[in-house]
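The values are calculated or read from the model by the stated rules, or taken from the named source; none is laboratory data. Note that the structure is predicted; figures quoted are calculated from it, not measured. Neighbour counts are summed over all protein chains in view; Cβ atoms, including those assigned to glycine, are modelled from backbone coordinates with ideal geometry.
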Amino acid sequence: MPGAIRVLHVDDEPAFLDLTSTFLERELRDVEVATARSVEAALRRFDEFDPDCVVSDYQMPDAHGLDLLEAVREREPSVPFVLFTGRGSEQVASDAISAGVTDYLQKGSGREQFELLANRIEKAAEAYRTRAAFEETERMVSTLISNLPGMVYRCLNEQAWPMEFVSEGCLDLTGYHPEQLENDDVVWGEDILVQDDQAAMWAEVQAALDEGEPFEVTYRIRRRDGEVRWCWEQGRGVYRGGELVAIEGFITDVTDQRRYRRRLDSLTETAGTLLETPDRHECAWVAVEAACESLEFPIASVRLYDEDSGALEPVAFTDDTAETLEGRLAFPGENGPAWTAFTTGTVQSIADLDGAERTVDADVAVRSLLALPLGEFGVLVLASPAPDAFDADDRNLARILGATLQSAVERADREAALHERERELRAQNERLEEFTNIVSHDLRNPVGVARGQLQLAEATGEAEHFERANEALERVESLVSDMLALAKQGMVVGETEAAHLDVLAHKAWKAVESNAAELVVESNVGLVADTSRLQQLLENLLANAVEHADEGVTISVGRLDDGDGFYVADDGPGIPEADRDVIFDPGYSTDEAGTGFGLAIVEQVARAHDWSVTLTESDAGGARFEFANVTLADNE
């Protein structure tokens, strides 16, 4: 038995106390003896010493041993108490036994009596310690069972699963008291276990029992209040003589864990979808739908930062968000938790907006809110009309969704920029191929003419062949000049500034061989443009009108009626409607002497300014070029 046996010996004779202690120390392997000479002193020593056994005389000056027994039993009912007295009589023995002493011995002078006392003390202390250890074990087990998040049970192996023992956790788990199941007032397999799960659960348990193995099963139960919950059970068979007599195990509620696992699985699927979503706004919608449908957040929205407005603009939101946050969707810079999350990069969690210093809006029917930063892109806002709606699992899932969305938006923007660059490169390659074809086609003819005329000149010596060769080379020079202008400048504009259309029109007119043609500026337009490119555009339009007119032509320049652009019109022969779809194509010309690049340059300059250009018929029957979506300036 571990540890020394602690004996409290009470007697009014000091010499006898010493003698008894000496014998006990000789007879017992490990003993510690404390002594007291009165009942009062014994009680004080008892509280300090915590003995495994009390040995007491019967007759003492202040009281007798049975008085001490009564006081000891009030402190510790089960501690062994041996009455060791020199006053032996049947009456004393009868009183001692009636009072509940553990043992009764008469004093003697011989060694045999002390050996007997030592033997009785050892057995009594061993029984006391064993009982105390057992009670402590029972207490620990009881405490452990009561602290388990579920219930411990023992039942018979029958399909109704009749319970022989159920721990107190049954009440929290099922809503029923343990005795209701133990008395069969409520039967687990009939009244609690969901009917659709009974057959599968029975089969799985029996398969494990047939192999002599423990089992684990998951199934649904219906609580006393009607709520259906998921449970996980672990158990094993109890055998006696090789025969199964019962099943013992543990059952706990795993509804929240299953819900979390399901939500986490949905989040994994959402992450896969986001990785394949090409547009940042589509990513936002995927995240909002996942937040509400899969993750079960009542209200969700994604707000992306807009540099022009300086606000977090809504790009995706649930219907509830639109209804409850109407008029406050943008969350401008000075507004509370969403802006704080965006600017600080920290999650803002508000359990109850009614008590928060920073509110969303006085009319908003939202009580709790989570605002999660999306880096430099914006915020994901999750809300609920209930206070303190988000637990630790909710916040964890929200953080995962926010981080996934941030990565998806970053990837979508990167891919969008890459696709735009690829589109520009394709367009550039197409223009290059187009130029190559034009150069190959349009330069071959005048070069061939020049070569042939030079051969004739060499053979005949006639001057007219040199003149024709020179005309062909001038044609080549004109083609090369226009193609270089189109190839170098293309879709690019330089620095823009406010300008007057009438001033640029007159400058362009000076660069055109006008002959009998006339320029009329009907109204001025103040606009923002690259003045050099705009003058080039006007020069090409004016030259085109002059070149295609058989006689003198009048060209008018003015402001569109709707005020967002300008026009250039003439009273010349006009352009057939059938040719209007191809008139801007590089190399296309109705004039055999033309290069076909003038109007292509016009369209390129317009597109470089993000203007639209439309070719129609003028009031006089000629051509009318209208330029819309022009940025106007207040300088007229």
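The conditions are (1) within 30 Å of VAL568 (Cβ to Cβ); (2) surrounded by 13 or more Cβ atoms within 10 Å (Cβ to Cβ); (3) at pLDDT 75 or above, and ARG411 fails exactly one of them. Which is it?
ARG411 satisfies every listed condition except (1).
Residues that are under 23 Å from GLN159 (Cα atoms), without any contact (Cβ under 8 Å) to a residue 40 or more places away in the chain and surrounded by fewer than 14 Cβ atoms within 10 Å (Cβ to Cβ): does region 273-290 have at least one?
Of region 273-290, the ones under 23 Å from GLN159 (Cα atoms) are none.
No, that holds for no residue.
For ALA398, all conditions in the list (1) assigned by TED's automatic domain parsing to the domain that holds GLU282; (2) without any contact (Cβ under 8 Å) to a residue 12 or more places away in the chain; (3) not basic (Lys, Arg) hold save one; what is the number of the exception?
(2)
May I ask you to say which residue of ARG262, ARG224 is touching a residue at least 40 places away in the same chain (Cβ under 8 Å), loosely packed, with under 15 Cβ neighbours inside 10 Å and among the basic types (Lys, Arg)? Can you show your working first?
On the way: ARG262 fails: touching a residue at least 40 places away in the same chain (Cβ under 8 Å).
Of the residues listed, the single one that is touching a residue at least 40 places away in the same chain (Cβ under 8 Å), loosely packed, with under 15 Cβ neighbours inside 10 Å and among the basic types (Lys, Arg) is ARG224.
Checking the conditions here, which among GLY310, GLY327, GLY345, GLY375 is on the phi > 0 side of the Ramachandran plot and either modelled with pLDDT under 85 or buried (at least 21 other Cβ atoms within 10 Å of the Cβ) (or both)?
Values: GLY310 fails: either modelled with pLDDT under 85 or buried (at least 21 other Cβ atoms within 10 Å of the Cβ) (or both); GLY345 fails: either modelled with pLDDT under 85 or buried (at least 21 other Cβ atoms within 10 Å of the Cβ) (or both); GLY375 fails: either modelled with pLDDT under 85 or buried (at least 21 other Cβ atoms within 10 Å of the Cβ) (or both).
The match here is GLY327.
Against the condition assigned to a strand (DSSP E or B), out of contact with any Gly (no Cβ under 9 Å at 6 or more places or on another chain), closer than 30 Å to ASN396 by Cβ and small (Gly, Ala, Ser), how does ALA300 come out, does it pass?
In short, yes.
Conditions first: (1) at pLDDT 90 or above; (2) surrounded by fewer than 19 Cβ atoms within 10 Å (Cβ to Cβ); (3) more than 16 Å from VAL525 (Cα to Cα). ALA628 passes all but one, so which condition is the exception?
For ALA628, the failing item is (3).
Quickly run through region 510-557 and pick out the residues that are of a type in the set (S, T, N, Q) and within 14 Å of ARG624 (Cβ to Cβ).
Listed by number, the residues that qualify are ASN544, THR554, SER556.
Sort out which residues of region 169-209 are surrounded by 15 or more Cβ atoms within 10 Å (Cβ to Cβ), among the small types (Gly, Ala, Ser) and under 24 Å from TYR239 (Cβ atoms), and write them in order of number.
GLY189, ALA208
Consider GLU216 against the criteria (1) surrounded by 12 or more Cβ atoms within 10 Å (Cβ to Cβ); (2) touching a residue at least 24 places away in the same chain (Cβ under 8 Å): it satisfies all of them except one. Which criterion is unmet?
(2) is the only condition that GLU216 fails.
Has region 175-183 got at least one residue that is touching a Leu at 6+ places or on another chain (Cβ under 8 Å) and assigned to a strand (DSSP E or B)? First the steps, then the outcome.
As a first pass, look at region 175-183 and keep what is touching a Leu at 6+ places or on another chain (Cβ under 8 Å): 177-178.
Filter again for assigned to a strand (DSSP E or B), leaving none.
There is no residue in region 175-183 that is touching a Leu at 6+ places or on another chain (Cβ under 8 Å) and assigned to a strand (DSSP E or B).
Which condition from (1) surrounded by fewer than 22 Cβ atoms within 10 Å (Cβ to Cβ); (2) charged (D, E, K, R); (3) in contact with a Lys or Arg (Cβ under 6 Å, 6 or more places away or on another chain) is the one that ASP52 breaks?
Only one criterion is unmet by ASP52, namely (1).
Does region 225-232 include one or more residues that are of a type in the set (D, E, K, R), in a strand (DSSP E or B) and either modelled with pLDDT of 95 or more or more than 14 Å from the chain's Cα centre (by Cα) (or both)? Break it down into steps so the answer makes sense when it comes.
Narrowing region 225-232 to residues of a type in the set (D, E, K, R): 225, 227, 229.
Imposing the further condition that a residue be in a strand (DSSP E or B) reduces the set to 229.
When the remaining residues are screened for being either modelled with pLDDT of 95 or more or more than 14 Å from the chain's Cα centre (by Cα) (or both), the result is 229.
The answer is yes, given that some residue of region 225-232 is of a type in the set (D, E, K, R), in a strand (DSSP E or B) and either modelled with pLDDT of 95 or more or more than 14 Å from the chain's Cα centre (by Cα) (or both).
Which condition from (1) over 20 Å from ASP619 (Cβ atoms); (2) over 60 Å from the mean Cα position of the chain (by Cα); (3) not aromatic (Phe, Trp, Tyr) is the one that ALA549 breaks?
(1)
When you scan region 249-259, do you find a residue that is buried (at least 19 other Cβ atoms within 10 Å of the Cβ) and either among the charged types (D, E, K, R) or under 25 Å from the mean Cα position of the chain (by Cα) (or both), even just one? Spell out how you get there, then give the answer.
Going residue by residue through region 249-259, those that are buried (at least 19 other Cβ atoms within 10 Å of the Cβ) are 249, 251, 253.
From the residues that got through so far, the ones that are either among the charged types (D, E, K, R) or under 25 Å from the mean Cα position of the chain (by Cα) (or both) too are 253.
Within region 249-259, one or more residues are buried (at least 19 other Cβ atoms within 10 Å of the Cβ) and either among the charged types (D, E, K, R) or under 25 Å from the mean Cα position of the chain (by Cα) (or both).
Among the residues of region 150-174, write down those that are assigned to a loop (DSSP other than H, G, I, E, B) and within 15 Å of THR252 (Cα to Cα).
Applying the first criterion (assigned to a loop (DSSP other than H, G, I, E, B)) to region 150-174 yields 156-162, 167-168.
Matches in region 150-174: SER167, GLU168.
Scanning for something β-branched (Val, Ile, Thr), surrounded by 13 or more Cβ atoms within 10 Å (Cβ to Cβ) and either in contact with a Leu (Cβ under 6 Å, 6 or more places away or on another chain) or part of a strand (DSSP E or B) (or both), does region 99-122 turn up at least one residue?
Of region 99-122, the ones β-branched (Val, Ile, Thr) are 101-102, 121.
Add one more test, that the residue is surrounded by 13 or more Cβ atoms within 10 Å (Cβ to Cβ), and what stays is 101-102, 121.
Those still in the list that are either in contact with a Leu (Cβ under 6 Å, 6 or more places away or on another chain) or part of a strand (DSSP E or B) (or both) too: 101.
Yes - at least one qualifying residue is present in region 99-122.
Of all residues in region 510-530, how many are surrounded by fewer than 20 Cβ atoms within 10 Å (Cβ to Cβ) and either in a helix (DSSP H, G or I) or at pLDDT below 85 (or both)?
Within region 510-530, residues that are surrounded by fewer than 20 Cβ atoms within 10 Å (Cβ to Cβ) and either in a helix (DSSP H, G or I) or at pLDDT below 85 (or both) number 6.
Mind checking which residues of region 598-636 are small (Gly, Ala, Ser) and over 52 Å from the mean Cα position of the chain (by Cα)?
Initial filter on region 598-636 (small (Gly, Ala, Ser)): 598, 600, 606, 608, 612, 618, 620-623, 628, 633.
Of everything in region 598-636, those that are small (Gly, Ala, Ser) and over 52 Å from the mean Cα position of the chain (by Cα) turn out to be GLY598, SER618, ALA620, GLY621, GLY622, ALA623.
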